[in-house]
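Just so it is clear, none of the values below were taken in a lab; they were calculated from the coordinates. Small disclaimer: the values here were computed from a predicted structure and weren't measured. Positions of Cβ are backbone-derived with ideal geometry, glycine not excepted, and every protein chain shown enters the neighbour counts.
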Amino acid sequence: MRAGRQLATAAGLAGLLPPAVLASDRAARIASDIAPAIAAAIAAEIDTLRQLRAAREREEQRIFEACRGVGLAVDRLEQARFTAAEPAARRGLEQAAKTLRRAIQAKDVHASR
């Protein structure tokens, strides 16, 4: 303990700073130098994540709309059953199902990237 105090006193008299202060100052300087680069990288990543989230929400919205279309087509088919409008209602249901399938496939393609 006494030797450490003597070294600190001698370093102070010689105009030197103790090594612990030098290391902490150096670490603070390095941290202040790289902080802007880290902040820019984080901001860029946040922007990328926001864009991805917006794209995913649009894809999910398309799927929900296609599901609604299938539901409406099923309702129309149920109402048109055993009438002359049944073939048209079946074609409408097939078209709505194809639209839903395309929306799901588009989401799967983007999810695999």
Restricting segment 43-91 to trypsin sites (Lys or Arg not before Pro) in coil, as DSSP defines it, with at most 15 other Cβ within 10 Å: R81
Helix-only mean residue ellipticity at 222 nm for the chain, each DSSP H run of n ≥ 4 adding -39500 (n - 2.57), per residue, nearest 500: -32500 deg cm²/dmol
Order of F82, F64 under a 10 Å beta carbon neighbour criterion, fewest first: F82, F64
Ranked T83, T99, criterion: other C-beta atoms within 10 Å, fewest first: T83, T99
Additional length obtainable on full extension of the chain from D75 to R50, 0.36 nm per residue less Cα span: 5.3 nm
For the chain, diffusion coefficient by Stokes-Einstein and Kirkwood Rh (Cα), 4 °C, 1.567 mPa s, µm²/s: 63 µm²/s
Note, ³J(HN,Hα) from phi for segment 24-41, Karplus 6.51, -1.76, 1.60, rounded to Hz, x at Gly and Pro: 5, 5, 5, 5, 5, 5, 4, 4, 5, 6, 8, 4, x, 5, 5, 4, 5, 5
Karplus-derived HN-Hα couplings along segment 96-106 (A = 6.51, B = -1.76, C = 1.60, θ = phi - 60°), whole Hz, x at Gly and Pro: 5, 5, 5, 4, 5, 4, 4, 5, 5, 5, 4
Total charge dipole magnitude, segment 16-111, about the Cα centre, Cβ charges on Lys, Arg, Asp, Glu only, Debye to nearest 20: 380 debye
Residue among A96, A27, A73 with the largest mean-square fluctuation in a Gaussian network model of the chain, springs linking Cα atoms under 10 Å: A27
